[in-house]
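Engineer: Starting off with a structure, shown below.
The values are calculated or read from the model by the stated rules, or taken from the named source; none is laboratory data. Computed from a predicted model, the values in this text were never measured in an experiment. Cβ: placed from backbone, ideal geometry, glycine included. Neighbour counts: every protein chain shown.
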Amino acid sequence: MITVGIDHGTSGIVVCIKENKNYTIFKLKRTELLKKSFLEELKNYVSLGDIDLIALTYSMGDGINKILPIERVKNRGVLSIEGAGKKIGGGTKVYDEIKNSNIPTIVIPGLHRGIECLDRRFRALYSHISSPEKIGIAYYAHKKFNLNDFVLSDISSNTVTLLIKDKKFFGGFDACIGAIGILHGPIDLELIRKIDNKEITANEAFSTAGAVKIAKRYLGVENTKEEILKNYHKDENCKLAIDSLILSVAMEINSLLPLLDKKIVVLAGSVGVYRDNINIPNEIKKFVNGEIYILDGESAAIGLSLIAEDILKGERNILGIPVEV
């Protein structure tokens, strides 16, 4: 059995090919994909005719509330691509290539008001909680650590923190709500004023409200993260940016932990698991009173490949999200 998970992330498209117990992972920058065929790249790793199922994510995933075959999905599974971060076009090209390929493919929804397993209070509070690749991350954490009740904080270009309770998504905080990521963050009073004065759009404000606004170093969506992290001990603004990110993430995690009997936290994302010149999991742990697991690797793409595999085996419910195939 060969399954493929495709994570449509902020800085690139990450692909995991799972064949039995073997994983092959590759990543392409979204800008690269404007000039080349995704399927031609995929052919370098697997024969397209051998793929049993692809699990695909795209943008916010707020146009569907179930896991569906791609041929049943309208408008790529989104209500609109507006207000969803910087748009480059690589992810759209990947989606359309796959749809036209006739390779068996399912589309994963995001967590939003239409997802019925979410607690009704979170659905009342927030129109959207996470984009679809976070479903893959949560599923990988559930399978790898055998967890049914945990807080997941995925920290990279943005930070999304989710609560999984009784093996179902319960609620959480989207990137534009609480903690900052490297690029994205919540809109505060200063930014509201800039938006009202038409100095900046709301989407531009959200896309630059993360650690980047403190570090004052921006090298594009694909390179800013490395620039800020590698200068943590060399530049005071970069240090303050990461220290502030850590504090905001810990506050977000701590706000969800009281809803669990056993306090378990899973950290994921390239920043959440970063342990090079600063050990970010250890720094977060200083503020969080709970058992912490670290989900290394390209967890979204891996989790998506596991979802596809389990659906082929007959699973019809993924952490509370129904499957129709």
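Engineer: Would you be able to say whether some residue in the range 266-280 is in a helix (DSSP H, G or I) and surrounded by 20 or more Cβ atoms within 10 Å (Cβ to Cβ)?
Structural biologist: Checked against the condition, which is being in a helix (DSSP H, G or I) and surrounded by 20 or more Cβ atoms within 10 Å (Cβ to Cβ), the range 266-280 yields at least one hit.
Engineer: Here's something else I'd like to know. Report whether or not ILE311 is not in a strand (DSSP E or B) and not assigned by TED's automatic domain parsing to the domain that holds GLU227.
Structural biologist: yes
Engineer: Which one of these is closer than 27 Å to LEU219 by Cβ and at pLDDT below 95: SER153, SER157?
Structural biologist: Going through SER153, SER157 in turn, the sole match is SER157.
Engineer: Here is a check on your reading of the model: is ILE242 farther than 30 Å from GLY90 by Cα and not aromatic (Phe, Trp, Tyr)?
Structural biologist: Answer is no for this residue.
Engineer: Same structure, new question: Can you say whether ILE115 is crowded, with 22+ Cβ neighbours inside 10 Å, without any contact (Cβ under 8 Å) to a residue 60 or more places away in the chain and assigned to a loop (DSSP other than H, G, I, E, B), as far as the supplied structure shows?
Structural biologist: It is false that ILE115 is crowded, with 22+ Cβ neighbours inside 10 Å, without any contact (Cβ under 8 Å) to a residue 60 or more places away in the chain and assigned to a loop (DSSP other than H, G, I, E, B).
Engineer: Those residues that are small (Gly, Ala, Ser) and either surrounded by 16 or more Cβ atoms within 10 Å (Cβ to Cβ) or outside any loop (DSSP other than H, G, I, E, B) (or both), I need them from the range 203-226; list them, please.
Structural biologist: Residues satisfying the conditions are ALA205, SER207, ALA209, GLY210, ALA211, ALA215.
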